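The values are calculated or read from the model by the stated rules, or taken from the named source; none is laboratory data. Only a predicted model underlies this, so the values are computations on that prediction, with no experimental measurement involved. We place every Cβ from the backbone using ideal geometry, glycine too, and count neighbours over all the protein chains shown. Surface areas here come from the heavy atoms of the whole protein model, side chains and all, with no ligands, DNA or RNA. Shrake-Rupley method; radii C 1.70, N 1.55, O 1.52, S 1.80 Å.
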Amino acid sequence: MVAFVMIAALGLMLWSGVKEYQRRQQQAALQHAPQVVLVPEGQAPPAATADGAGAAEADPQPLKGKPAPAFTLTDLNGEKVSLADYKGKAVLLNFWATWCGPCKVEIPWLVKLRDQYKAQGFEVLGIESDNYDDDPKGLAAYKAGVVKSATGLGINYPVLLGGDTISKPYGGLDGLPNSFYVDRNGVVTSQIVGLRDRDEIEANIKKAIAGGGQ
Amino acid sequence: MQASLVIRRRFNRCVILSDAPQARSRRTSRVTGLDPRRSGFKLPAVAAALVLLLATAASAQDFSGADSTQSSTGAKSMVTFLFPEQVTIPAGKLAAVDLHFRVADGLHINSHTPREKSLIPTNLAVVEQDGFKVSAVDFPPGADYSFAFDPTQKLSVYTGDFVLRAHLTAPSGEHLLQGVLRYQACNSNSCFPPKTIPVAVDVIGK
């Protein structure tokens, strides 16, 4: 009996040692992971990751070149709005939030760019990204806050209320602003996380209007 | 500045926050603290060795999680609760306990008193318990911060390490301070949805 227990004990020690070694190896691998991401010439560097601490993302634009996921959301007037309603137009899906400072910097630019390119078949859909799917009691106050913020920012394009139904197919939307430029065929031509300068935004709009030609 | 607490619901003392590394550490240390002489085994020496080995193996596994600030997906936490894990205070007397947190490099979070109403403040919610009372929490003033793209707007934020001071009263014995820190973080060009992290401290009233 004693021998059996001793053998079991030794086996356990060995198992524990192996597990600890494996853990240390994993930690060492993480610490020695590549700190530099090589980006092909002419391509934008990857956007900051959700944790903001420099972890590399495999693909900063996973939806680029793919059909924009279909959705139907409610606007601030309670009307249903679908992406399909804008078939044949170039659309900027701009995910934002009332608490997002960088979003509030670019929104006035989007208002002006929308006016500038509207005649060429361009539209902006502002999608407020807070999720009140599980909090119907808080929805009225949330909606009032969005209306106030949208009015204050001078938004002249449709503002839709987001939630899980759209955030999941669009990749989680962890960082805001998060913009998807969609061409007339419904294909995503650019996917940008974070604030970029006005010229870059305008260039992406032109690319979407042109039909996404590279 | 002092802020009233958000008291959410009553918790039974024996509930352990499974997501809190600190809670896991403590649970492990209780296991390692078993007295083999009271374990009831007939082969005391060998059995005690086995119990200790089991505990050591479990300890190695649990502490590997406690050491890390990374989630299961590999993403680092934006804000981490650093310490203390355990404090001793005079039983029945009001005492101040400093809770230390760290904001990850490159990020900032709104202070408890952001300058714009639409911004989400940092808050601490503490679980209410019988006989063990957290009467208030002091939040530090925020530091000025401006985004490079809008230098005229001054935000009130926390970056790096920051400390909240909890004022609490505990009767004699061991208690678990359980709370949740809610924050909303941004980096230099993006903002992230509000998140929470668990806060757990063993409080011993003596």
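Here are a few things to note about the model shown:
- Residues satisfying the stated conditions in the range A:191-214, i.e. surrounded by fewer than 18 Cβ atoms within 10 Å (Cβ to Cβ) and in a loop (DSSP other than H, G, I, E, B): A:Asp197, A:Ala210, A:Gly211, A:Gly213, A:Gln214
- The residues of the range A:113-126 that are assigned to a strand (DSSP E or B) and either among the aromatic types (Phe, Trp, Tyr) or within 14 Å of another protein chain (Cβ to nearest Cβ) (or both) amount to a single one, A:Phe122.
- Taking the listed residues A:Leu110, A:Leu139, the one that is away from every other protein chain (no Cβ under 13 Å), of a type outside the set (Gly, Ala, Ser), over 21 Å from the mean Cα position of the chain (by Cα) and assigned to a helix (DSSP H, G or I) is A:Leu139, with no other qualifying.
- Restricted to the range B:124-157, and to residues there that are farther than 22 Å from B:Ile89 by Cβ, part of a strand (DSSP E or B) and in contact with a Phe, Trp or Tyr (Cβ under 8 Å, 6 or more places away or on another chain), the residue that is farthest from the other protein chains (Cβ to nearest Cβ) is B:Ala143.
- Within the range B:96-111, the set of residues being within 11 Å of another protein chain (Cβ to nearest Cβ), open to solvent by less than 50 Å² (accessible area, probe 1.4 Å) and under 14 Å from B:Tyr145 (Cβ atoms) comprises B:Val103, B:Leu107, B:His108, B:Ile109, B:Asn110.
- Screening B:Glu174 on (1) more than 14 Å from chain A (Cβ to nearest Cβ); (2) buried (at least 17 other Cβ atoms within 10 Å of the Cβ) shows it passes everything except condition (2).
- Residue match in the range A:177-190 (condition: under 18 Å from the mean Cα position of the chain (by Cα), without any contact (Cβ under 8 Å) to a residue 60 or more places away in the chain and either within 11 Å of chain B (Cβ to nearest Cβ) or part of a loop (DSSP other than H, G, I, E, B) (or both)): no
- Among the residues of the range A:70-93, the ones that are more than 19 Å from A:Gly121 (Cβ to Cβ) and in a strand (DSSP E or B) come to 5 in all.
- Boolean, A:Tyr157 is more than 12 Å from the chain's Cα centre (by Cα), farther than 19 Å from B:Cys186 by Cβ, open to solvent by 10 Å² or more (accessible area, probe 1.4 Å) and at pLDDT below 95: no
- Odd one out for A:Asn77 among (1) within 14 Å of chain B (Cβ to nearest Cβ); (2) at pLDDT below 95: (1)
- The range A:57-69, residues that are farther than 16 Å from A:Ile127 by Cβ, in contact (Cβ under 8 Å) with a residue 40 or more places away in the chain and part of a loop (DSSP other than H, G, I, E, B): A:Pro60, A:Gln61, A:Pro62, A:Lys64, A:Gly65, A:Lys66
- Scanning the range B:184-200 for residues that are under 18 Å from the mean Cα position of the chain (by Cα) and either of a type in the set (Asp, Glu) or open to solvent by less than 10 Å² (accessible area, probe 1.4 Å) (or both) gives B:Gln184, B:Ala185, B:Val199, B:Ala200.
- Any hit, the range A:83-103, residues being away from chain B (no Cβ under 14 Å), in contact with a Lys or Arg (Cβ under 7 Å, 6 or more places away or on another chain) and crowded, with 17+ Cβ neighbours inside 10 Å: yes
- Yes/no for B:Pro121 being assigned to a loop (DSSP other than H, G, I, E, B), open to solvent by less than 50 Å² (accessible area, probe 1.4 Å) and more than 28 Å from A:Val146 (Cα to Cα): no
- Some residue of the range A:62-81 being within 30 Å of B:Ser156 (Cα to Cα) and open to solvent by 30 Å² or more (accessible area, probe 1.4 Å): no
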